[in-house]
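Inspection log for the structure reproduced underneath, given as structure tokens.
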Amino acid sequence: MAKTKVKKIAVMTGGGDCPGLNAVIRAVTKTAVNQYDMEVWGVEDGYQGLIEDRIRPLGFNDVSGILTVGGTILGSSNTSNPFAYPMILGKKQVVKDVSEQCLVNLSKRGIDTLICIGGDGTMNSAAAFVKKGLTVMGVPKTIDNDLWGTDITFGFNTAMTTATEAIDKLHTTASSHHRVMLVEVMGRYAGWIALYAGVAGGSDVILIPEIPYDIHKIAECVLARSKRGKRFSIICVAEGAKPKGGKMVVAKTVKNSPDPIRLGGISFVLADHLSGLTDLTCRAVNLGHIQRGGVPSPFDRALATQFGHYAIDLLMKGKTDRLVVMKGNTLDSIPLGQAAGRIKTVPKNHPLIDAAKAVGTSFGI
Ligand code: F6P
């Protein structure tokens, strides 16, 4: 068994959950215990648990049998930022920096390193902790696949599979009733899920934030299908899609979240507009959090296991404050702060867009 300076690590899952988180927790814990004789602790509910001192030992038995389980055994939160944490002082609500308390909660247990599994919000705070002297290793997660610096994040494959299966199901009912069916998928400001699930599900129209649409072109497309005898159409729309010169549809704003905007509802707006323009019957379905739930796909389980193992391996090689990434088919890492504040959107010349256009898919332009 290799000997190392790092003796006690804590692992944490932050932000919105996604399938594969447990596979990373398992890989991190088993690698650290098995190969390096480390002590592993689990932080409950993301930064919330770090602030509130809810940190528990994680042993072999705790992570056994969780590879195939969705969600995260540690819990997560996407509204707690230790550097701007709302609290009541006297009768007033104030926002305070409680990051020092987090460091105390780790150091009193002798924990010297934090493995942060999260998206851009989690990594922003992780990078700020590095500036305060904490050793951090980042592992990228999000179903949206929008984290800058990595070709892929685990969770995306499962989400796009779920979305594709939903499109397959909607196909049959759309066909029976001769309807235009609009399927809204997640992705925030990036159209990865819509693009991949839209193509895999054979959608007639795919709408993504990166390509603002013209409603008249969408109407033209579904009417042309009707004329050709195709009596139904499927439109896969990303929650962040917007019309040319228009805005995204905001469902609500969430206080104290690293990104307070919650998108949602574009499919219903479009369904109304489109039925007015075409006289066709339109129905909208927002898949919502179903895309974040359930059993991780085999691909995501394998990717998450690689990411978790690689994070510990890097640490053992003396590398710290890095974000594990996948470039091409190779595991690599970038400085933790490098991805902060940047997102990876779909390039307009992405080969899958070209292929979709070639098979007759409209992007509403
Ligand atoms: O970042 C993942 C994501 O699922 C987005 O696609 C979606 O807009 C958002 O989270 C929803 O977050 P919440 O957990 O606040 O509903």
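Only one entry in 225, 188, 283 is among the basic types (Lys, Arg), within 13 Å of the ligand (Cβ to nearest atom) and surrounded by 15 or more Cβ atoms within 10 Å (Cβ to Cβ), namely 188.
So, of the residues in segment 145-159 that are more than 12 Å from the ligand (Cβ to nearest atom) and of a type outside the set (Ser, Thr, Tyr), which turns out to be surrounded by the most Cβ atoms within 10 Å (Cβ to Cβ)? Only one residue tops the list, namely 154. Take the residues in segment 341-361 that are in contact with an Asp or Glu (Cβ under 7 Å, 6 or more places away or on another chain) and not in a strand (DSSP E or B); name whichever of them is nearest to residue 117 (Cα to Cα). Here the residue is 344.
Can you name the residue in segment 311-332 that is surrounded by 22 or more Cβ atoms within 10 Å (Cβ to Cβ) and within 20 Å of the chain's Cα centre (by Cα) and is also nearest to residue 238 (Cα to Cα) among such residues? So, considering only residues that are surrounded by 22 or more Cβ atoms within 10 Å (Cβ to Cβ) and within 20 Å of the chain's Cα centre (by Cα), the one nearest to residue 238 (Cα to Cα) is 325. Scanning segment 35-54 finds one or more residues that are surrounded by fewer than 17 Cβ atoms within 10 Å (Cβ to Cβ), farther than 23 Å from residue 288 by Cβ and either within 16 Å of the ligand (Cβ to nearest atom) or modelled with pLDDT under 95 (or both).
Check segment 286-294 and report whether any residue there is within 16 Å of the ligand (Cβ to nearest atom) and either hydroxyl-bearing (Ser, Thr, Tyr) or farther than 22 Å from residue 189 by Cα (or both). Scanning segment 286-294, I find at least one residue that is within 16 Å of the ligand (Cβ to nearest atom) and either hydroxyl-bearing (Ser, Thr, Tyr) or farther than 22 Å from residue 189 by Cα (or both), so the answer is yes. Filtering segment 143-185 to residues that are in a loop (DSSP other than H, G, I, E, B), out of contact with any strand residue (DSSP E or B) (no Cβ under 8 Å at 6 or more places or on another chain) and closer than 21 Å to residue 264 by Cβ leaves 143, 144, 145. For segment 12-24, indicate whether the set of residues that are within 16 Å of the ligand (Cβ to nearest atom), within 26 Å of residue 296 (Cα to Cα), hydrophobic (A, V, I, L, M, F, W, C) and touching a Ser or Thr at 6+ places or on another chain (Cβ under 7 Å) is non-empty. Yes, segment 12-24 contains at least one residue that is within 16 Å of the ligand (Cβ to nearest atom), within 26 Å of residue 296 (Cα to Cα), hydrophobic (A, V, I, L, M, F, W, C) and touching a Ser or Thr at 6+ places or on another chain (Cβ under 7 Å). Report whether or not residue 217 is closer than 24 Å to residue 275 by Cβ, more than 16 Å from the ligand (Cβ to nearest atom) and more than 28 Å from the chain's Cα centre (by Cα). When the stated conditions are applied, residue 217 passes them. When restricted to residues that are within 14 Å of residue 183 (Cα to Cα), β-branched (Val, Ile, Thr) and either part of a strand (DSSP E or B) or more than 14 Å from the ligand (Cβ to nearest atom) (or both), segment 252-280 contains 1. Only residues in segment 314-339 that are on the phi > 0 side of the Ramachandran plot count as the first member; pair them with residues that are among the β-branched types (Val, Ile, Thr), Cβ under 8 angstrom, at least 6 apart or cross-chain, and list the lot. Qualifying pairs under 8 Å: 321/130; 321/135; 321/136. Within segment 91-107, restricting attention to residues that are in contact with a helix residue (DSSP H, G or I) (Cβ under 7 Å, 6 or more places away or on another chain) and part of a helix (DSSP H, G or I), the residue that is surrounded by the most Cβ atoms within 10 Å (Cβ to Cβ) is 102. Checking each residue of segment 108-125 against the condition of being assigned to a loop (DSSP other than H, G, I, E, B) and closer than 14 Å to residue 324 by Cα gives at least one match.
The values are calculated or read from the model by the stated rules, or taken from the named source; none is laboratory data. Computed from a predicted model, the values in this text were never measured in an experiment. Here Cβ is always computed from backbone atoms with ideal geometry, including for glycine, and neighbour counts include all displayed protein chains.
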